[in-house]
2 protein chains.
Amino acid sequence: MSTAVTPVVLGLLSLGPRSGYEIKATVDRSTRFFWAASYGQIYPELRRLEGEGLIEGEDAPNGARARRLYRLTPAGREALEAWLRSEGRLTIELRDESLLRIFFADALPHDDALELLETRKRIFEEVLARLHEIDALPGEDPPFVDLVLRWGIAYTEWEAQWCAEQLQRLGPSTTPA
Amino acid sequence: MSTAVTPVVLGLLSLGPRSGYEIKATVDRSTRFFWAASYGQIYPELRRLEGEGLIEGEDAPNGARARRLYRLTPAGREALEAWLRSEGRLTIELRDESLLRIFFADALPHDDALELLETRKRIFEEVLARLHEIDALPGEDPPFVDLVLRWGIAYTEWEAQWCAEQLQRLGPSTTPA
DNA sequence: TAGTGCATGTAATGCGTTACATGATTTC
DNA sequence: GAAATCATGTAACGCATTACATGCACTA
């Protein structure tokens, strides 16, 4: 499980055979919210994993358009399960520029500082809208895939709610007429 | 505001003069939860900012131990305020391996999948303990610095709570005697 | 026929961490 | 006298994104 993309590739292939392009597309509407991956990582990784026998590729062109479908091998499934069960510290990292601004908001007049909370609220409301769109997409998801989507929605709602509460608490900003 | 460390350095110096070492130490018990910074970024950045006139350094050795204190210049304060008010997309990125595992947990037997939720819960409970320690540290924080600490505690509690609820919902795991 | 989506791939770039080097001071 | 902490700094490395190159297929 050497690189950070390895689990995403193995995991998505555990849900069914896919091409590199489809892996990227799936990442973009699912894991990218908490685990991003780019073409520059995916394609080299697919070849590496094939070389190691964890996945196998099969040419499946659409007409004259080249396309290569990958599927998990039994060894690949074992590697995925081993990763899911492995011990050791899990990376959980956040990089949140909005929060950083709020952290330093004492450098601003009070109303401008509240504006930062307003902005944060708006950001999460926009994310929430996008998550609802994804949720409305047809097709069943496996239970835990769905659970993580629920998490995304609940978390995003919590963030927006938190901002709303703080805005309330810190006094209605002196809105001009 | 060219690099990612710039706002942290300017922001922390807006709270009072500090050395590079102290900036790193402050980051490690405050912003690192949502905005990390390493020596490899901080020291070069301090010199760059001094060259640009946004901060100024003053030698303030402790005995024979070299030490250089930096403080914000008026231009630096303006740059900080400009950044706080600037428009454009804010980076908000999450990298959460625990969530990634839960996302792919359908590959495991149900009880092992629940184990992943248990692990996530424990992780956030540990973070919460560390945040409470930081909270108990003596000294007043500026209002918005404190607000972000409150956010950290509330958010972490929410995460642990969410795990607890899902564990409840998905059935008590068949705990062996 | 022009634009968008499907499909694969890589080179360059930038960014940030890790690890190391050095040395003084305080604490046990 | 050893270990931890204060203090500054950089080189190497790895990782991930960005941008580009290429070409087919479908649709408006």
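What follows is calculated from the coordinates using simple rules that are stated; it is not laboratory data. Bear in mind the structure is a predicted one, so any value in this text is a computation, not a measurement. FYI the Cβ positions are ideal-geometry reconstructions off the backbone, even for glycines, and counts take in every protein chain you see.
Structure values in brief
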| item | result |
| --- | --- |
| Spin-label model distance (nm) - A:ALA36 vs B:ALA4, 7 Å beyond Cα toward Cβ | 0.9 nm |
| Label point 7 Å beyond Cα along the C-beta direction, distances from A:PRO44 to other copies (nm, shortest first) | 2.1 |
| Distance between segment A:60-96 and segment A:99-134 - C-alpha centres, whole angstrom | 34 Å |
| For segment B:126-165: Kirkwood Rh in Å [reciprocal of mean 1/r, alpha carbons] | 10.8 Å |
| Across the identical copies, how the B:THR91 labels are spaced - nm, sorted shortest first, 7 Å along Cα→Cβ | 1.4 |
| For segment B:65-114, Kirkwood radius (reciprocal of mean inverse C-alpha pair distance, Å) | 16.1 Å |
| Inter-copy label distances at B:ALA25 (7 Å, Cα→Cβ; nm, one decimal) | 5.4 |
| Loop-located GluC sites (Glu not before Pro) in segment B:94-177, at most 15 other Cβ atoms within 10 Å (DSSP) | B:GLU140 |
| Given charges at Cβ of Lys, Arg, Asp, Glu: chain B dipole, positive-most of B:LEU128, B:ILE55, B:GLN168 | B:ILE55 |
| Cα pair distances of chain A binned at 10 Å [whole percent] | 8, 28, 27, 19, 12, 6, 1 |
| Rounded D (µm²/s) - the protein assembly as shown, Kirkwood Rh over Cα pairs, Stokes-Einstein at 10 °C, 1.306 mPa s | 69 µm²/s |
| Charged-residue dipole, Cβ positions (Lys, Arg, Asp, Glu), the protein assembly as shown about Cα centre, Debye nearest 20 | 840 debye |
| Cβ neighbours within 10 Å from other chains - mean over B:140-147 | 5 |
| Shielding score for A:106-119, defined as the mean number of other chain Cβ atoms within 10 Å | 3 |
| Sites B:ALA60 and A:THR91 - FRET efficiency at Förster radius 45 Å, r taken between beta-carbons, to 0.05 | 0.75 |
| Kirkwood-based Rg to Rh ratio, segment B:43-143, C-alpha trace | 1.19 |
